[in-house]
């Protein structure tokens, strides 16, 4: 027996799913125990519409996590890690990642959903970051003796802390990105690193 691949959603159905995901992010970010009915109300759709798209709350949260991971991967790709000067790519990736993390905070930090899809997407993001940090080290921006995995962990911790402590509606991601990059490089940067 062969399985038929899932058909792509029509444009209107795709918009509805995105509306539900965005509403769920807002609602669950404020109240993690909010009901599917509250999410439907915030999305401006009937509860049955939410249940038609997401059979369970867990399915909704899993989809939210995958959606947010995809947004983060796209944001990182837009920083052109492979071709932009390494410091420019680091700054742009930081600003882009903060924008996603601030917009999709519940989804990015949800331990409620196990998703091999989001894990795979995030594995690609980690690999891209590792390549960027290797480029930064080769360019002399990071000291030669610094453990790059440790640098990535510190960088992720900085991103996480900034995203957790910032109000998404009142935040200038460019200023925050500058603070993150400055903090990272002054801690592990070579003395001649220029910002």
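Is the shape of segment 7-55 best called rounded, prolate or oblate, per the rule: a/c under 1.5 gives rounded, else a/b larger than b/c gives prolate, else oblate, with a ≥ b ≥ c the square roots of the Cα gyration tensor eigenvalues?
It is prolate, given that a/c is not under 1.5 and a/b is the larger ratio.
Rounded if a/c is under 1.5, else prolate if a/b is larger than b/c, else oblate: which is segment 1-92, with a ≥ b ≥ c the root eigenvalues of its Cα gyration tensor? Show your work: numbers first, answer last.
Working: a/c = 2.66, a/b = 1.57, b/c = 1.70.
Oblate.
What order, most packed first, do the peptides 130-141, 63-74 have when packing is the mean number of other Cβ atoms within 10 Å of each residue?
Answer by packing, highest mean first, reads 63-74, 130-141.
Compute the Cα gyration tensor for segment 32-81, then decide on rounded, prolate or oblate, letting a ≥ b ≥ c be the square roots of its eigenvalues: rounded whenever a/c is under 1.5, prolate when a/b is larger than b/c in the other cases, and oblate in all that remain.
Because a/c hits 1.5 or more and a/b exceeds b/c, segment 32-81 counts as prolate.
Report the relative contact order of segment 64-188, percent, no decimals, based on alpha-carbon pairs under 8 angstrom and at least 6 residues apart.
34 percent
Please compute the alpha carbon radius of gyration of segment 64-188, then divide it by the globular-protein estimate 2.2 N^0.38 Å. Two decimals is fine.
1.01
Assuming a viscosity of 0.692 mPa s and a temperature of 37 °C, what translational diffusion coefficient in µm² per second does Stokes-Einstein assign to segment 99-168, Rh being the Kirkwood radius over Cα pairs?
In µm²/s, the coefficient rounds to 240.
With labels modelled as points extended 7 Å from the Cα through the Cβ direction, what inter-label distance (nm, one decimal) is found for residue 31 paired with residue 167?
2.1 nm
Every read-out reported here was derived from the displayed coordinates using simple, explicitly stated rules and does not represent laboratory data. From a predicted model like this one, the values you see are computed outputs, not experimental measurements. Quick reminder, even Gly has a Cβ in these numbers, built from the backbone with ideal geometry, and neighbours come from all protein chains shown.
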